[in-house]
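The values are calculated or read from the model by the stated rules, or taken from the named source; none is laboratory data. Everything numeric in this text was worked out from a predicted model, so none of it was measured. Counting neighbours? That spans all protein chains shown, and the Cβs are built from the backbone with ideal geometry, glycine included. Note: areas computed on protein heavy atoms with side chains; ligands, DNA, RNA excluded. Shrake-Rupley method; radii C 1.70, N 1.55, O 1.52, S 1.80 Å.
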Amino acid sequence: MRRHQTIKDPAAELRLFRRRVALVLVLMTLAGSGLLIRLTFLQVLQHDRYATASHDNSIRAEVIAPARGVITDRNGTLLAENVSSFSLYLTPENAPDEQAALTALGRLIALRPADLERYASLRRSRPRFEALALRRNLDDTEAARFAAHRHRFPGVELRADLSRHYPLGALTAHVVGYVGRVSEADLKQASAEQRATDTVGKTGIEKSYDALLQGRVGYQQTEVDAHGRRLRVLDRIRAQPGTPLRLDMDIDLQRAAHAALAGRPGAVVAIDPASGHVLAMVSEPAFDPNLFVGGIGSEDYRGLLDDPERPLTDRALRGVYPPGSTIKPFMALAGLLTGVVTPDTHVWCPGWYTLGNSPHRYRCWQRHGHGRVELLRAVSQSCDVYFYDLALKLGIDRMHEQLGRFGLGTRTGIDLPGEQAGLLPSQAWKRSARKAPWYPGETLIAGIGQGYNTATPLQLAYATAMIASRGQTPAPRLVPAPLGLPAAAPGHAPQASAEQWQVIADAMHAVVAPGGTAHRALADAPYSAAGKTGTAQVFGLSQRPDDRGKNVARHLQDHALFIAYAPLQDPRIALSVIVEHGGSGSGTAAPVARQVLDAWLLRAEGT
């Protein structure tokens with residue numbers, strides 16, 4: 001059987017080939033046209049966008065953090081300075097695997113939970129291209145260890161930073177304060193400077209004058225490689241360092257006040273009566289502010305919070321105590337100003353006082369009484385009965401008005417955050433706060449600085465300075481003009497005559513003179529002084545005259561207080577002292593004041 005042989009058709013194959021070539025050419029033309037259109041779009045229409053992106057791949061704008069302004073005392077002693085330190089930064093967009101990098105870093109360098117929480121908080125609020133502080137204040141060993149393994153951590157870099165340091169530690173902790181990391185709440189109102197340094201003043205002068213201390217940020221353009229490592233700086237606008245602050249506080253006097261308290265919980269505040277400048281301000285116990293600079297660990301912070309002595313509480317500014325008998329000179333002047341008493345007005349003190357036919361006895365601290373007393377002796381002997389009677393004659397509302405002129409019951413306006421106002425009661429206050437009427441017995445105990453009355457050591461020092469300057473002391477300040485906040489002269493100061501001021505000065509001088517309650521503490525002082533002792537009851541006394549609470553536990557014993565100014569003519573210092581649970585104002589607080597007065601006045605006189 002014959003097989004048929006297929007004969008090729010050259011013409012048909014040529015036509016097929018030509019169609020295929022045409023199809024390929026059309027497809028190539030379409031593809032080339034599409035590529036050309038895309039290139040035109042990218043290279044021409046989107047040129048600016050991609051040129052910028054390309055530039056940003058190699059040129060990075062960086063913020064230069066300013067050096068924070070230093071803080072010194074009046075003699076130039078450093079209270080807050082900047083020291084060199086190493087910090088670890090991570091740029092999220094340059095880290096291929098961020099979590100893996102954090103885990104590996106944690107095995108190389110100690111990363112506390114607080115560090116990781118802080119980084120996570122910043123990570124949520126900052127752009128990915130921004131370098132974020134992961135760990136601050138690395139020691140030399142940690143810095144060297146990371147440097148040896150730097151190649152393993154793209155996006156992580158070690159930077160030399162300036163870290164805040166407080167060379168005197170706890171001695172100035174409450175006044176100077178401390179800086180801490182910017183919290184998530186702070187970020188809502190944080191300035192460029194605070195974001196750049198990642199720190200903000202948290203307490204004290206550091207907080208009050210944070211804007212001045214921060215300075216102004218700078219900027220630089222840096223060329224980087226594909227791994228984000230710096231190659232060279234192309235342009236730079238230098239940062240402006242923060243303004244240095246000089247306090248009028250004297251560190252030697254601060255040390256003297258600290259030494260005088262001898263570790264006992266309490267406070268000392270010393271003020272220049274002429275200028276209102278704070279010379280010393282001590283609160284004991286205190287804490288080391290350096291713990292807070294890089295972010296305090298939870299264990300350390302818990303230890304401070306749980307300490308029964310409350311070292312974080314600034315007793316000078318925020319501690320509120322019954323002023324006790326230290327209120328009596330101010331009561332005496334109130335009596336003179338209102339005409340309720342004269343210097344010669346006498347009261348009989350049998351050791352107790354009663355209201356009408358009431359059997360309740362309001363006792364004097366002197367159980368056998370003081371006998372016949374006039375104003376000067378009432379102040380120098382601290383006769384409670386005299387001031388019970390004076391309080392009843394004045395009434396609580398006039399007491400509120402007159403004592404308020406010394407700044408009691410209101411904030412002094414010092415340039416520190418967190419000041420407490422204390423309490424100067426009135427009928428209106430009790431109706432509003434306690435929903436109850438005011439009783440005559442409450443007026444009596446208010447007249448000796450007990451009951452609802454409370455004041456801070458700062459308020460007592462300022463009120464004492466007002467007596468020393470005869471009503472002319474400006475609001476207390478730590479930073480003097482022109483940098484300090486304005487210190488206006490008091491607009492509601494007591495308008496007493498020269499004779500009335502002199503009566504109070506003589507009465508307070510009699511307190512430290514022979515026969516006065518504080519004579520022993522200042523008996524041999526080579527300068528003249530005026531003062532007033534006081535005790536603040538922690539719990540009420542019974543009606544038994546022999547029950548003075550002397551045998552109770554320490555934490556229930558009375559607080560010891562003393563106010564003073566010196567010299568008597570041309571005063572250069574006014575102060576208040578409180579020793580918590582110290583018992584006697586004359587035996588505990590007055591000797592503390594003596595040491596502070598000696599440290600200031602005898603040094604000034606070169607003796």
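What to note about this one:
- You can think of it this way: the chain between Arg520 and Ile237 has 95.4 nm of extra reach, that is 0.36 nm per residue less the Cα-Cα gap.
- Computed extension gain for Asp97 through Ala436, at 0.36 nm per residue and net of the alpha carbon distance, reaches 115.4 nm.
- Prolate/oblate/rounded call for the range 430-476, Cα gyration tensor, a/c under 1.5 rounded: prolate
- Computed E for Ser497/Arg411 - FRET, C-beta separation, R0 30 angstrom, nearest 0.05: 0.55
- Computed 3J(HN,Hα) for the range 364-380, one whole-Hz value per residue from the Karplus formula 6.51 cos²θ - 1.76 cosθ + 1.60 where θ = phi - 60°, is 8, 5, 8, 4, 8, x, 9, x, 7, 10, 10, 4, 4, 6, 4, 6, 5, glycine and proline marked x.
- Cα gyration tensor shape for the range 422-533, rounded if a/c is under 1.5, else prolate or oblate: oblate
- Folded to 0 to 90 degrees: helix 590-605 orientation relative to the chain principal axis, Cα: 80 degrees
- Shape category assigned to the range 71-149 from the gyration tensor of Cα positions, a/c cut at 1.5: prolate
- Over 32 Å between alpha carbons, listed pairs Lys202/Lys532; Lys328/Lys435; Lys393/Lys532; Lys328/Lys430: Lys202/Lys532
- Accessible-area composition of the chain, carbon plus sulfur, in percent [1.4 Å probe]: 54 percent
- Ligands, DNA and RNA are left out, and with a 1.4 angstrom probe the accessible area of the chain is 48 Å² per residue.
- In summary, the aspartates and glutamates within cross-link reach of Lys207, defined as a Cα separation below 16 angstrom excluding same-chain residues under 8 places away, comprise Glu81, Asp186, Glu193, Asp198, Asp314, Asp415, Glu419.
- Taking the helices alone, the chain has a mean residue ellipticity at 222 nm of -10500 deg cm²/dmol, built from -39,500 (n - 2.57) per DSSP H run of at least 4 residues and averaged over all its residues.
- Model label zone, Lys393; criterion: amide N under 17 Å from point 7 Å along Cα-to-beta-carbon; scope the range 325-346: 328-346
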